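Let me begin by presenting the structure, written as structure tokens, before commenting on it.
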Amino acid sequence: MTEKQIHKLVCQYLDLQYPNVIYTSDSSGVRVSIGMAKALKSIRCKGYKIPDLIIMHPNKLYYGLIIEIKKDLSQIMTKSGTLKKDKHVHDQDRTLKELHRLGYAAIFGCGFDHIKSVIDDYFKPKNRIVTGK
């Protein structure tokens, strides 16, 4: 399964299981014309790599859940368990760490099952903000 397929499944899962949750996906991987690519690039954050999925729904611990979607763990980790020596992966990791510092749950999600588990855990009743009148 490709990252794109996993991403689509995750969004379908959110729509079915959490229909009242607001989320968006980064469009930087979408193929567009050269003119549109330039226009989009001009309005993107320059200092950080924007993660794939942004769930704009707070719980008791975080302002929202942000996931950089990967096909599997081997895309980011070596066999010895360290982060791969890949500039893009390190830039993504730096962004996730900064978002976490700012109060977001921000992670690499590796495969559909892992991402589904992270989302379900994030929305468990013990983590939800309870509002009342």
Looking only at lysines whose Cα falls under 22 Å of K116's and that sit 8 or more positions away or on another chain, we get K4, K8, K60, K70, K71, K97, K124, K126
Going by Cα centres, the stretch 81-107 and the stretch 1-78 are how many Å apart?
14
So, in nm, how far is label N20 from label D120 when the simple model puts each one 7 Å beyond its Cα toward the Cβ?
2.1
Normalised by the number of residues in the chain, what is the relative contact order in percent for Cα pairs under 8 Å and 6+ residues apart?
28
Counting each DSSP H run of 4 or more residues in the chain as -39500 (n - 2.57), what helix-only mean residue ellipticity at 222 nm follows after dividing by all residues, to the nearest 500 deg cm²/dmol?
-12000 deg cm²/dmol
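Before I look further, what does the chain give for accessible area per residue, probe 1.4 Å, in whole square angstrom?
68
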Which label in (1) 36, 34, 26; (2) 50, 41, 30; (3) 44, 37, 25 gives the computed Cα extents along the principal axes in Å:
(2)
Ignoring ligands, DNA and RNA, please state the percent of accessible area on the chain from carbon and sulfur, probe 1.4 Å.
58
Percent antiparallel among DSSP beta bridges with both residues in the chain, to the nearest 5?
55
Compute the Rg/Rh shape ratio of the stretch 1-68: radius of gyration over Kirkwood radius, all on alpha-carbon atoms.
1.02
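Find out how many positive minus negative residues lie around T95, taking Lys and Arg as positive, Asp and Glu as negative, among other residues whose Cβ is under 9 Å from that of T95.
Once positives and negatives cancel, what remains is -1.
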Antiparallel versus total DSSP beta bridges in the stretch 37-112: what percent is that, nearest 5?
40
Tilt relative to the chain, helix 87-101 - C-alpha long axis, 0 to 90 degrees, to 10
30
Compute the acute angle (0 to 90°) between the alpha-carbon long axis of helix 112-122 and the principal axis of greatest extent of the alpha-carbon atoms of the chain; round to the nearest 10°.
40
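The values are calculated or read from the model by the stated rules, or taken from the named source; none is laboratory data. Predicted, not measured: the structure shown is a model, and the values here were computed from it. Note that each Cβ is placed from the backbone with ideal geometry, even for glycine, and that neighbours are counted across all protein chains shown. Heavy atoms of the whole protein, side chains included, go into the accessibility calculation; ligands, DNA and RNA do not. Shrake-Rupley method; radii C 1.70, N 1.55, O 1.52, S 1.80 Å.
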